[in-house]
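S.K.: Pasting a structure here, questions to come.
The values are calculated or read from the model by the stated rules, or taken from the named source; none is laboratory data. Keep in mind it's a predicted model, so treat the numbers as computed, not measured. Here Cβ is always computed from backbone atoms with ideal geometry, including for glycine, and neighbour counts include all displayed protein chains.
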Amino acid sequence: MGEEQPLADLFSFADFARAARDKNSVKTAKTAAASQTDDFQGEKGTESGNQNAKKSKTPARPRAQRKKDNSAQVPQSAEPNGTTGLLDFEVPPVATKSAKPKAKRHRENVAQTLESAERIDLLVTGANIRTWVKISGEVLQAGQSALDAMDLHSELDSDTGANALYTWDKVALTVAGLPAGADKDARWVLEAVADASLAGARGMIGIVLAELASVAAGATSAPTLNPVQLLKILRSSRDCPDRCLLPAVERLDPPTLSGLIEEVNAELETQPEQMSIEDILSRAWLASQVALVEGAEDNRGRPDARAAVLMLLIAAMLETYARENQQEVGAVNTSLQMVRDMVPQSHSAVHAPGQMNSLMLTWRGETDNSRFEELRRQLEENGVYGAMTGRADMLGIGPRILLVRSRHPRRVIELLPEKSGMVLIRPPLPVETEASTSNLVSLGSSHTIHPIRPAVLAYTSAPGLVADIANLGATVVYSRRGIPLQILPVIAEMEQEVVQVLPCDQVSAAELTNLVRPAKDQGIDLMVAPTQDDLQVLEAARTLTQVVSSAITPAELIQLQRSRTFDSLARQRTFSVSPQMPFELLSSSVNRDDVQARILSGHGEDSELISRVQNALFQGAPGIRIELISGGQSGATVVGVLSS
């Protein structure tokens, strides 16, 4: 412990401080009195007396008086004194700043070395993305015919232009319906783009767009995007082709799509991180053009329509930026002209063997990540050509979509998750065909007459009949959970005024009847046939898909299709068989006039039951021809007998 401080020293310090305070107070009071005398010269005598009375009162507090003095005097010409109450100190003179108008604050560019001092680089906001979506829709609409013409040279894809425009229309409608608050939140708009593109994806290009939108939404972490964040989003698209395209696509088709994305990322990697938005988009656009041209050269002059779609979308990004800054770039017009110029005037129509009679199967459902990855592994092992994508929530469960091209869709159906979602199989035959087997002609019409295929939507619970019905020209719905709710949009996609629907059981017929009025509200006459099993659907589809003349009116087509339906039902009789039924009843149901019988075996049916059915048919009609079909349906085995 040190020595204690004497108490006398503390008292002397207090006396010294008190004396200093009194001295400063007297000096301050004299200064205030002199100032007041000068200020009030020329006033009346009564006012002077009042002022003298005020001076005789107790002087004001030094701090308050100092504030008053400072307000009455020019601060630059005086050296004010101050006190802490204990010791005097000198306050340094401070020069006051003159008031200036507050300038508007601008956001600085992160790459000032690449930008001029006059131009301000804008951030990407939700409003910018909404503008880009609108411009992209206009670009895809303008380039649809050229993109579809490119698919004439493709080996396994088709209708890329129409499918891209259909998918983007769903995106544009969703984004346009967002509230005004979305203009300030890029994450909000990108999430809406990802959800809408997945829900409206059609064709392989639709799945590619949905995958790219999902990756962009997942990589966005701020309401606005600066150049660094935009660069991160573009670079995150590198793995999209590997994630959404099955390996068979890259083996059979030139990897132009993945090559374009790789070329864009390679161009961006050679530049410094501090690039402006204009630099990023300009370099990405130029790289996409180079990749599209080089890919066409590697593919014997046949361009890839999917890669062309991405090039157009990048051009729309650059056009959006240019319009925001009142600049003229012409990226959209240049890209559209480039796409049109790349379509050859003639082509050899060389197709890969896999496209001959290949069916396009689309599955939509919900499953978890592990089951979806297992499905992808199984499809890769079977060498399936297609694409797949989806989104998942925090639990790993979410909507998924799968599109494959195969001549054996049953193999794909058996790999799908059980009792989950709808399976839609589109026919390989076009709606319009050059060959006509119809005897309907029109002599009084001035329009060009050409054969068309009536729209037929067939339901089946037998995966073994999917390919047979689709190859006839009908769109097939295979669902293990009854009639899906998405059937009305499928009917609208057929773009015909009359659509014939073939249910496969009584329950589906009753549910389809409820869609007649909603379809009528959209200008579609929905005809529900009285078919009750899969074999009746097969026979009716064989008749109803025969082409007709384009000059036929909707009323005439309705009458024709109704007549065809009843003729097919009268031509074939069907029976459901089980091990418990008396087979003598089946023998008595056929006669010598019956020429053919079809046996549609269900899932897990043993060979003994099939043998007993065949024997019963031969007993009733010895010369009958029997066709055995492995249906694989969950219901009972069905027998159909056709008369001559």
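S.K.: Step by step: first the residues of region 550-571, then only those that are among the small types (Gly, Ala, Ser) and in contact with a Leu (Cβ under 8 Å, 6 or more places away or on another chain), then the one that is nearest to Val498 (Cα to Cα). Which residue is that?
M.R.: As a first pass, look at region 550-571 and keep what is among the small types (Gly, Ala, Ser): 550-551, 555, 563, 568, 570.
Subset that is in contact with a Leu (Cβ under 8 Å, 6 or more places away or on another chain): 551, 568.
Details: Ala551: 14, Ser568: 19 Å.
Residue satisfying both the conditions and the ranking: Ala551.
S.K.: Further, regarding this structure: Return yes or no: is Ala349 modelled with pLDDT under 90, under 30 Å from Leu231 (Cβ atoms), small (Gly, Ala, Ser) and more than 21 Å from the chain's Cα centre (by Cα)? I'd like the intermediate steps shown before the answer.
M.R.: Numbers: modelled with pLDDT under 90: yes; under 30 Å from Leu231 (Cβ atoms): no; small (Gly, Ala, Ser): yes; more than 21 Å from the chain's Cα centre (by Cα): yes.
For Ala349, the condition - modelled with pLDDT under 90, under 30 Å from Leu231 (Cβ atoms), small (Gly, Ala, Ser) and more than 21 Å from the chain's Cα centre (by Cα) - is not met.
S.K.: Another question about this same structure. If I filter region 379-389 down to residues being crowded, with 22+ Cβ neighbours inside 10 Å and not polar (S, T, N, Q), which single residue comes out as farthest from Pro417 (Cα to Cα)?
M.R.: By that ranking, first place goes to Tyr385.
S.K.: On to the next question. Can you spot a residue in region 586-602 that is under 23 Å from Ser634 (Cβ atoms), of a type in the set (S, T, N, Q) and over 50 Å from the mean Cα position of the chain (by Cα)?
M.R.: Initial filter on region 586-602 (under 23 Å from Ser634 (Cβ atoms)): 586, 597-602.
Subsequent filtering for residues that are of a type in the set (S, T, N, Q) retains 601.
Those left that are additionally over 50 Å from the mean Cα position of the chain (by Cα): none.
No, because not a single residue in region 586-602 is under 23 Å from Ser634 (Cβ atoms), of a type in the set (S, T, N, Q) and over 50 Å from the mean Cα position of the chain (by Cα).
S.K.: Can you report the number of residues in region 296-310 which are part of a helix (DSSP H, G or I) and either within 18 Å of Cys244 (Cβ to Cβ) or touching a strand residue (DSSP E or B) at 6+ places or on another chain (Cβ under 9 Å) (or both)?
M.R.: Here is the first cut: in region 296-310, the residues part of a helix (DSSP H, G or I) are 296-298, 305-310.
Now drop any that are not either within 18 Å of Cys244 (Cβ to Cβ) or touching a strand residue (DSSP E or B) at 6+ places or on another chain (Cβ under 9 Å) (or both), which leaves 305-310.
Final tally of qualifying residues: 6.
S.K.: Please state which one of Gly82, Gly181, Gly161 is out of contact with any Gly (no Cβ under 7 Å at 6 or more places or on another chain), more than 22 Å from Leu234 (Cβ to Cβ) and at pLDDT 90 or above.
M.R.: Details: Gly82 fails: at pLDDT 90 or above; Gly161 fails: out of contact with any Gly (no Cβ under 7 Å at 6 or more places or on another chain).
Answer to the selection: Gly181.
S.K.: Assuming Leu231 fulfils every condition listed in (1) farther than 18 Å from Thr389 by Cβ; (2) touching a strand residue (DSSP E or B) at 6+ places or on another chain (Cβ under 6 Å) apart from one, which condition is it?
M.R.: Unmet for Leu231, out of (1) farther than 18 Å from Thr389 by Cβ; (2) touching a strand residue (DSSP E or B) at 6+ places or on another chain (Cβ under 6 Å): (2).
S.K.: Considering only residues that are farther than 15 Å from Ile314 by Cβ, assigned to a helix (DSSP H, G or I), touching a residue at least 40 places away in the same chain (Cβ under 8 Å) and touching a Ser or Thr at 6+ places or on another chain (Cβ under 8 Å), which ones fall in region 244-294?
M.R.: Cys244 - this is the single residue of region 244-294 that is farther than 15 Å from Ile314 by Cβ, assigned to a helix (DSSP H, G or I), touching a residue at least 40 places away in the same chain (Cβ under 8 Å) and touching a Ser or Thr at 6+ places or on another chain (Cβ under 8 Å).
S.K.: Confirm whether Val249 is in contact with a strand residue (DSSP E or B) (Cβ under 7 Å, 6 or more places away or on another chain) and either among the polar types (S, T, N, Q) or crowded, with 21+ Cβ neighbours inside 10 Å (or both).
M.R.: On the way: in contact with a strand residue (DSSP E or B) (Cβ under 7 Å, 6 or more places away or on another chain): yes; either among the polar types (S, T, N, Q) or crowded, with 21+ Cβ neighbours inside 10 Å (or both): yes.
Spelling it out, Val249 is indeed in contact with a strand residue (DSSP E or B) (Cβ under 7 Å, 6 or more places away or on another chain) and either among the polar types (S, T, N, Q) or crowded, with 21+ Cβ neighbours inside 10 Å (or both).
S.K.: Can you name the residue in region 581-609 that is of a type in the set (A, V, I, L, M) and surrounded by fewer than 15 Cβ atoms within 10 Å (Cβ to Cβ) and, of all such residues, is nearest to Glu539 (Cα to Cα)? Before you say what the answer is, go through the steps one by one.
M.R.: In the first step, residues of region 581-609 are kept if they are of a type in the set (A, V, I, L, M); the result is 581, 585-586, 590, 595, 597, 599-600, 609.
Keeping just the survivors that are surrounded by fewer than 15 Cβ atoms within 10 Å (Cβ to Cβ) gives 585, 595.
Working: Leu585: 24, Val595: 15 Å.
For region 581-609, the residue satisfying everything is Val595.
S.K.: Identify, by number, the condition in (1) crowded, with 20+ Cβ neighbours inside 10 Å; (2) among the small types (Gly, Ala, Ser); (3) under 20 Å from Leu281 (Cβ atoms) that Ser236 doesn't meet.
M.R.: Status for Ser236: all satisfied but (1).
S.K.: Considering only region 611-637, state which residues are in contact (Cβ under 8 Å) with a residue 12 or more places away in the chain, polar (S, T, N, Q) and part of a helix (DSSP H, G or I).
M.R.: Gln614, Asn615, Gln619 - these are the residues of region 611-637 that are in contact (Cβ under 8 Å) with a residue 12 or more places away in the chain, polar (S, T, N, Q) and part of a helix (DSSP H, G or I).
S.K.: Of the conditions (1) without any contact (Cβ under 8 Å) to a residue 24 or more places away in the chain; (2) of a type outside the set (D, E, K, R); (3) within 29 Å of Ala182 (Cβ to Cβ), Leu234 clears all except one; give me its number.
M.R.: If we test Leu234 against (1) without any contact (Cβ under 8 Å) to a residue 24 or more places away in the chain; (2) of a type outside the set (D, E, K, R); (3) within 29 Å of Ala182 (Cβ to Cβ), just (1) comes out false.
S.K.: So Arg612 passes all but one of these: (1) buried (at least 17 other Cβ atoms within 10 Å of the Cβ); (2) over 24 Å from Ala474 (Cα atoms). Which condition number does it fail?
M.R.: (1)
S.K.: Just one of Ala541, Ala551 is assigned to a helix (DSSP H, G or I) and not basic (Lys, Arg); which is it?
M.R.: Working: Ala551 fails: assigned to a helix (DSSP H, G or I).
None of the others qualify; the one that does is Ala541.
S.K.: Among Pro223, Pro241, which is the only one that is assigned to a loop (DSSP other than H, G, I, E, B), touching an Asp or Glu at 6+ places or on another chain (Cβ under 8 Å) and not hydrophobic (A, V, I, L, M, F, W, C)? So that I can check it myself, show each step before the final result.
M.R.: On the way: Pro241 fails: assigned to a loop (DSSP other than H, G, I, E, B).
Answer to the check: Pro223.
S.K.: Right, another one. Of the residues that sit in region 435-454 and are closer than 19 Å to Glu493 by Cα and in a loop (DSSP other than H, G, I, E, B), which one is modelled with the highest pLDDT?
M.R.: Let us first name the residues in region 435-454 that are closer than 19 Å to Glu493 by Cα, namely 452-454.
Of the ones still in play, those that are also in a loop (DSSP other than H, G, I, E, B) are 453-454.
Details: Arg453: 91, Pro454: 94.
Looking at the filtered set, the residue picked out is Pro454.
S.K.: Further, regarding this structure: Would you confirm, using the coordinates I've provided, whether Gln536 is more than 29 Å from Ser634 (Cβ to Cβ), at pLDDT 90 or above and in a helix (DSSP H, G or I)?
M.R.: On the way: more than 29 Å from Ser634 (Cβ to Cβ): no; at pLDDT 90 or above: yes; in a helix (DSSP H, G or I): yes.
No, not satisfied.
S.K.: Restricting the search to region 512-525, which residues are touching a helix residue (DSSP H, G or I) at 6+ places or on another chain (Cβ under 9 Å), in a helix (DSSP H, G or I) and closer than 22 Å to Leu569 by Cα?
M.R.: Residue satisfying the conditions is Leu512 alone.
S.K.: Quickly run through region 455-466 and pick out the residues that are more than 18 Å from Gly421 (Cα to Cα) and either buried (at least 24 other Cβ atoms within 10 Å of the Cβ) or within 30 Å of the chain's Cα centre (by Cα) (or both). First the steps, then the outcome.
M.R.: Taking region 455-466 first, the residues more than 18 Å from Gly421 (Cα to Cα) are 455-456, 464-465.
Ala455, Val456, Leu465 - these are the residues of region 455-466 that are more than 18 Å from Gly421 (Cα to Cα) and either buried (at least 24 other Cβ atoms within 10 Å of the Cβ) or within 30 Å of the chain's Cα centre (by Cα) (or both).
S.K.: So Gly206 passes all but one of these: (1) assigned to a helix (DSSP H, G or I); (2) surrounded by fewer than 20 Cβ atoms within 10 Å (Cβ to Cβ); (3) of a type in the set (Gly, Ala, Ser). Which condition number does it fail?
M.R.: If we test Gly206 against (1) assigned to a helix (DSSP H, G or I); (2) surrounded by fewer than 20 Cβ atoms within 10 Å (Cβ to Cβ); (3) of a type in the set (Gly, Ala, Ser), just (2) comes out false.
S.K.: If you don't mind, there's one more thing I want to ask. Any idea which residue in region 541-580 is surrounded by the most Cβ atoms within 10 Å (Cβ to Cβ), counting only those that are in contact with a Ser or Thr (Cβ under 7 Å, 6 or more places away or on another chain) and free of Cβ contacts under 8 Å to residues at least 40 places away in the same chain?
M.R.: Ser568
S.K.: Go through region 623-633 and report how many residues are surrounded by fewer than 12 Cβ atoms within 10 Å (Cβ to Cβ) and at pLDDT below 90.
M.R.: 1
S.K.: Can I ask one more? Which residue pairs have Cβ atoms under 9 Å apart, sit 6 or more places apart or on different chains, and have a first residue in region 416-434 that is within 17 Å of Gln633 (Cβ to Cβ) and at pLDDT 75 or above and a second that is polar (S, T, N, Q) and part of a loop (DSSP other than H, G, I, E, B)?
M.R.: Met422/Gln486
S.K.: Now, a different point. Exactly one of (1) outside any helix (DSSP H, G or I); (2) at pLDDT 85 or above; (3) within 21 Å of Leu375 (Cβ to Cβ) is unmet by Val466. Its number?
M.R.: Failed condition: (1).
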